[in-house]
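The values are calculated or read from the model by the stated rules, or taken from the named source; none is laboratory data. Computed from a prediction, not measured in an experiment: that's the story for all the values here. Glycine gets a Cβ as well: all are built from the backbone with ideal geometry, and neighbour counts include every protein chain shown.
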Amino acid sequence: MMKKFKNPPIKSEPVKPQPVKIIAVKPETPKVGRVSFELVKPEAKKVYVAGSFNDWKPEKAPLMSMGNGRWVGDLTLKPGRHEYLFVVDGQWMPDPNAKESVQNPFGGKNSILGVSA
């Protein structure tokens, strides 16, 4: 015995595909500059650079030993004026070759680096 349905079958109509609106958001890529940091410190075992460009986190920018006490590292920085220090075996120190420096709140000096657009 077949059961009778009280509700009539649902009629479905084909849905017309609607064109998809794609809104392309093209983020502006800030211009950046490649900067080489170099420090000669023959007795150093580990050297980093920390500054306003990496939230003062030395682990984000280790320098590599090139031999003969020479440490180098390349970073890509946004244009602007950046303060930084080298961190040599845990000791924070200004760049002896920096052309400019400013007083920092800890009684020392931060080196200044300008990156042009």
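Here are some notes:
- Count of segment 91-117 residues, restricted to those that are assigned to a loop (DSSP other than H, G, I, E, B) and touching a residue at least 40 places away in the same chain (Cβ under 8 Å), is 5.
- Within segment 54-82, if we keep just the residues that are touching a Ser or Thr at 6+ places or on another chain (Cβ under 9 Å) and crowded, with 19+ Cβ neighbours inside 10 Å, the residue that is farthest from A117 (Cα to Cα) turns out to be W71.
- Segment 40-52 residues that are of a type in the set (D, E, K, R), paired with ones that are in a loop (DSSP other than H, G, I, E, B) and exposed (fewer than 15 other Cβ atoms within 10 Å of the Cβ) (beta carbon under 9 Å, 6 or more apart): K41/G69; K41/D89; E43/G69; E43/D89; K45/D89; K46/D89; K46/G90
- Of all the listed residues (W71, W56), the sole one being in contact with a strand residue (DSSP E or B) (Cβ under 8 Å, 6 or more places away or on another chain), part of a loop (DSSP other than H, G, I, E, B) and either within 20 Å of K109 (Cβ to Cβ) or at pLDDT 95 or above (or both) is W56.
- Selection count where residues are over 17 Å from K46 (Cβ atoms) and touching a helix residue (DSSP H, G or I) at 6+ places or on another chain (Cβ under 6 Å), scope segment 59-81: 1
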